[in-house]
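Contents: one structure, followed by commentary.
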Amino acid sequence: MSRHRARGFTLIELLVAMFITALMLALGYGALTEVIRQRTTVSDQQQQLALLQRAVRLMVQDFAQLSARPVRDVLGRGVEPALRADRRGTELVALTRGGRIVPPGTQQPSLQRIEYELREETLIRRVWPALERTQSSTARQRVVLRGVRGIELRFLDDRGEWRTEWPVEANEPQRSRSRPRAVEITLETVQFGTLVRLIEVAG
């Protein structure tokens with residue numbers, strides 16, 4: 001008759017079991033951390049993509065509803081064209097936009113004077129409270145998009161030629177009221193590379 005003696009775990013077996021458990025926990029924690037990191041990265045990219053889409057959509061709306069209405073300059077002595085894009089000013093482009101929804105019974109104009117400026121990789125949009133602004137006028141300013149390395153605008157004239165500056169007409173009042181047939185936006189971003197968008201100008 002054989003006897004079976006109760007046998008417990010040895011110290012080495014306990015150490016091996018503890019090592020395996022710790023290794024499994026470390027692997028699980030690492031995998032969980034990687035999942036959280038990837039989820040955060042994807043969430044950040046989705047948020048940045050949404051901001052980019054919103055910025056492009058805003059610019060598309062502005063150019064698509066470009067109005068032929070020129071405005072007086074700040075001093076009231078001259079006329080600024082309905083669309084102005086040249087290398088002399090600090091702003092990227094200035095334009096008169098229509099299509100603003102005005103609540104019934106209000107005196108707000110349906111036209112707006114809008115400017116875009118690229119400053120330190122930040123695209124800024126300014127909206128003036130009145131078309132005929134004065135030196136005391138203050139524009140409402142907002143950041144449209146960050147991380148913009150560069151932006152280029154091209155304008156399609158009536159001859160089918162692309163221009164980097166506008167207006168191109170030599171005589172008034174045609175010059176101040178001239179509008180391109182289309183606008184091409186090339187946006188170079190830090191995160192998403194280069195994006196090109198072609199906008200047809202209404203009318």
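Derivation of every value follows stated rules applied to the coordinates shown; laboratory data play no part. Not measured: the values here are computed from a predicted model. In this analysis, Cβ positions are derived from the backbone assuming ideal geometry, glycine residues included, and neighbour counts consider all displayed protein chains.
When the Gaussian network model of the chain links Cα atoms closer than 10 Å, the mean-square fluctuations of Ala64, Ala22, Ala130 top out at Ala22. Segment Glu120..Ser136, full-extension length gain: 3.1 nm, with 0.36 nm per residue of separation and the alpha-carbon distance subtracted. Peptide packing: for 192-199, 78-85, 158-165, the average count of neighbouring Cβ atoms within 10 Å per residue gives the ranking 78-85, 192-199, 158-165, highest mean first.
Placing +1 on the Cβ of every Lys and Arg and -1 on the Cβ of every Asp and Glu, with no other charges, gives the chain a dipole of roughly 700 debye about its Cα centre.
Set the Cα radius of gyration of the chain against 2.2 N^0.38 Å, with N its number of residues, and you get 1.83. Using the beta-carbon distance between Asp158 and Val79 and R0 = 22 Å, what value does 1/(1 + (r/R0)^6) give for FRET efficiency, to the nearest 0.05? Efficiency at R0 = 22 Å is approximately 0.55.
Could you give the length gained on full extension between Val16 and Ser110, defined as 0.36 nm per residue of separation minus the Cα-Cα distance, in nm? Intermediate results must be reported in sequence, preceding the final value.
Numbers: separation 94, 0.36 × 94 = 33.84 nm, distance 7.77 nm.
Length gained between Val16 and Ser110: 26.1 nm.
Going by neighbour counts of Cβ atoms within 10 Å, the residues Leu25, Leu123 line up, fewest first, as Leu25, Leu123. Largest GNM mean-square fluctuation among Gln45, Gln65, Gln112, using the chain with Cα springs under 10 Å: Gln45.
Where in region 115-155 are there GluC sites (Glu not before Pro) that are in a DSSP coil and have at most 15 other Cβ atoms within 10 angstrom of their Cβ? Answer by residue number: Glu120, Glu121, Glu132. The calculated 222 nm mean residue ellipticity attributable to helices in the chain amounts to -10500 deg cm²/dmol, summing -39500 (n - 2.57) over DSSP H runs of n ≥ 4 and dividing by all residues. With the chain treated as a Gaussian network of Cα nodes joined by springs under 10 Å, which of Leu15, Leu95, Leu187 yields the largest mean-square fluctuation? Its mean-square fluctuation being the largest, the pick is Leu15.
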